[in-house]
1. Name, by its number, the condition in (1) in contact (Cβ under 8 Å) with a residue 60 or more places away in the chain; (2) at negative phi that does not hold for T75.
2. Check off (1) assigned to a strand (DSSP E or B); (2) touching a helix residue (DSSP H, G or I) at 6+ places or on another chain (Cβ under 6 Å); (3) without any contact (Cβ under 8 Å) to a residue 24 or more places away in the chain for V62 and give me the number that stays unchecked.
3. Among the residues of the range 50-63, are any over 24 Å from G3 (Cβ atoms), surrounded by 14 or more Cβ atoms within 10 Å (Cβ to Cβ), in contact with an Asp or Glu (Cβ under 8 Å, 6 or more places away or on another chain) and hydroxyl-bearing (S, T, Y)?
4. Quick test for you: out of A83, A40, A69, pick the one residue that is in contact with a Ser or Thr (Cβ under 9 Å, 6 or more places away or on another chain), buried (at least 18 other Cβ atoms within 10 Å of the Cβ) and either under 18 Å from V8 (Cα atoms) or modelled with pLDDT under 95 (or both).
5. When residues of the range 23-37 are filtered for being touching a strand residue (DSSP E or B) at 6+ places or on another chain (Cβ under 8 Å), in contact (Cβ under 8 Å) with a residue 12 or more places away in the chain and surrounded by fewer than 19 Cβ atoms within 10 Å (Cβ to Cβ), how many remain?
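The values are calculated or read from the model by the stated rules, or taken from the named source; none is laboratory data. Nothing here was measured: the structure is a model prediction, and the numbers come from that model. Cβ: placed from backbone, ideal geometry, glycine included. Neighbour counts: every protein chain shown.
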Amino acid sequence: MGGDLLKVAEAKSIPPGTAIAVEAGGQKIAVFNVEGTFYAIGDTCTHRGGPLSEGDVEGTRVTCPWHGAEFDLKTGNVLREPATRGVPSYKVVVEGEDIKLELP
């Protein structure tokens, strides 16, 4: 059974190729728009706390702007050190213009 859906943004506020950081359910979450598909993962790099929402995105990978750790936007898994642990991944639901996250 899924968690609660919480509106965090409107689609127009996250154009393709951009990301924003939101707070939802007490968590800092980065929401990315990759060619019209939205992904949401924890915003805080597990290495030293860098803001993943400010990182470079290539395909469905984001690189932390602080030390270069890479994470998978689909799963939150770490793809490249120096981080050794992944970040949470959240299901994104688009309803009309609303971007909603499913929180546990």
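1. (1)
2. (3)
3. Among the residues of the range 50-63, at least one is over 24 Å from G3 (Cβ atoms), surrounded by 14 or more Cβ atoms within 10 Å (Cβ to Cβ), in contact with an Asp or Glu (Cβ under 8 Å, 6 or more places away or on another chain) and hydroxyl-bearing (S, T, Y), which makes the answer yes.
4. Details: A83 fails: either under 18 Å from V8 (Cα atoms) or modelled with pLDDT under 95 (or both); A69 fails: either under 18 Å from V8 (Cα atoms) or modelled with pLDDT under 95 (or both).
Step by step, each of A83, A40, A69 is checked, and only A40 is in contact with a Ser or Thr (Cβ under 9 Å, 6 or more places away or on another chain), buried (at least 18 other Cβ atoms within 10 Å of the Cβ) and either under 18 Å from V8 (Cα atoms) or modelled with pLDDT under 95 (or both).
5. Step one: of the range 23-37, the residues touching a strand residue (DSSP E or B) at 6+ places or on another chain (Cβ under 8 Å) are 23-25, 27-34.
Next, only the ones that are in contact (Cβ under 8 Å) with a residue 12 or more places away in the chain stay: 24-25, 27-34.
Narrowing the set further to residues that are surrounded by fewer than 19 Cβ atoms within 10 Å (Cβ to Cβ) leaves 24-25, 27-28.
Of the residues in the range 23-37, 4 are touching a strand residue (DSSP E or B) at 6+ places or on another chain (Cβ under 8 Å), in contact (Cβ under 8 Å) with a residue 12 or more places away in the chain and surrounded by fewer than 19 Cβ atoms within 10 Å (Cβ to Cβ).
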